[in-house]
Amino acid sequence: MIKKSITRTLATLAAASCLAGALPAHAQSGFPNKPITLLHGLALGGQTDISVRVLADGLSKLLNVPVIVSARPGAAQTIAANAVAKASADGYTIGHFYQGAFSTTPLLQATPYKADDLVPLIGWQMSPQMLVVRADFPYKTLKDLVAAIKAGRDVDYGHLGKGSVTFMAPTVFSKVAGIKLTDIQYKGDAELVTAILGGHLQMGSVTEVAAAPQMESGKLRALVTFAKQRSSNFPNVPTFEDEGYKVPIQVPIGIIFAPRGTPPEVARKLHDAIRQVVADEKIKAEFAKMKQAMYYIDGKDAAEMINAERETYFPILRDAGLLAK
């Protein structure tokens, strides 16, 4: 029943996104004529918060209205996603979320919204993840780590919420490797990295961007990157495949969502404005300094990606006994 419901709601979501993307690029009369609120579900001051504020600043200048960023962290992005789902469908409340809030989190826990309560407008950035440790962590590779755990060592790791890539990749890896990891949830990358550096946490699942300064200074190192290919920024960090583990790859894509029922012409104007902002050379240069990877996907393709990820992870989570009751 869970799987049938998932497929049905995501089919509706995809159809709505397709409609929004297919209409002419003209705005609803007068839109926007007041401030727009852009919510996200991760910690204030973290990498997502910073990149979303750069986007919001560009949108404010382009649309000639304030675009106000509101961070509402917690519950694997579902608090913020629910706020957007319950907002008026007029384009004045939108949200930035990674696809896990709709593809995998609902498989692991009850969410206060349905998948088709929000419509993806555009994917605009990508946040590759890594499993990082303090430089003096005793195990140099995943194989070293696995051997130590099988010999009786207890190892914990931090993540940003069940259903997020920061949770899914280590969870699936632990099942593939036949080990047990203790997971601890944090509200944001900065808090998680601080915990590792302070010796309060052994490993952490974080974005490459968040880990980069501490890796470059030699305080952190990465055991693995959660991607199909090695990072151009850190080419010495192996992939799961390099290490001999078959772990499905889910790279977080930052997607802008609007409430279901948002007028198609408003959805289209927001899509086009966001695409224009992230194509600006000054904005691109600012993101490049942050090592923030950019990635474009339209609303229809984003909905299909979410559906495909659910289909991939449903049997994995079912077989692991992790599906929500």
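Scanning the stretch 296-320 for residues that are closer than 18 Å to A169 by Cβ and not in a helix (DSSP H, G or I) yields one hit, A320. Only residues that are open to solvent by 70 Å² or more (accessible area, probe 1.4 Å) and among the hydroxyl-bearing types (S, T, Y) were counted across the stretch 148-191, and they come to 1.
Output the residue which, of all residues in the stretch 1-58 that are outside any helix (DSSP H, G or I) and modelled with pLDDT under 85, is least open to solvent (accessible area, probe 1.4 Å). The extreme case among them is A27. So, in the stretch 232-278, of the ones that are of a type in the set (D, E) and within 23 Å of the chain's Cα centre (by Cα), which residue ends up least open to solvent (accessible area, probe 1.4 Å)? Across the stretch 232-278, the extreme among qualifying residues is D272. Restricting attention to the stretch 93-114, the residues that are assigned to a loop (DSSP other than H, G, I, E, B) and either free of Cβ contacts under 8 Å to residues at least 40 places away in the same chain or surrounded by 22 or more Cβ atoms within 10 Å (Cβ to Cβ) (or both) add up to 5. Within the stretch 293-314, if we keep just the residues that are over 14 Å from I253 (Cβ atoms) and touching a Lys or Arg at 6+ places or on another chain (Cβ under 9 Å), the residue that is surrounded by the most Cβ atoms within 10 Å (Cβ to Cβ) turns out to be R310.
Selection of the stretch 214-231 for residues being polar (S, T, N, Q) and open to solvent by 10 Å² or more (accessible area, probe 1.4 Å) yields Q214, S217, Q229, S231.
The values are calculated or read from the model by the stated rules, or taken from the named source; none is laboratory data. All of these numbers come straight from a predicted model, not from anything done at the bench. Cβ sites come from the backbone with ideal geometry, for glycine too, and all protein chains shown count toward neighbours. Quick note on the areas: whole protein, heavy atoms, side chains included, nothing else; ligands and nucleic acids left out. Shrake-Rupley method; radii C 1.70, N 1.55, O 1.52, S 1.80 Å.
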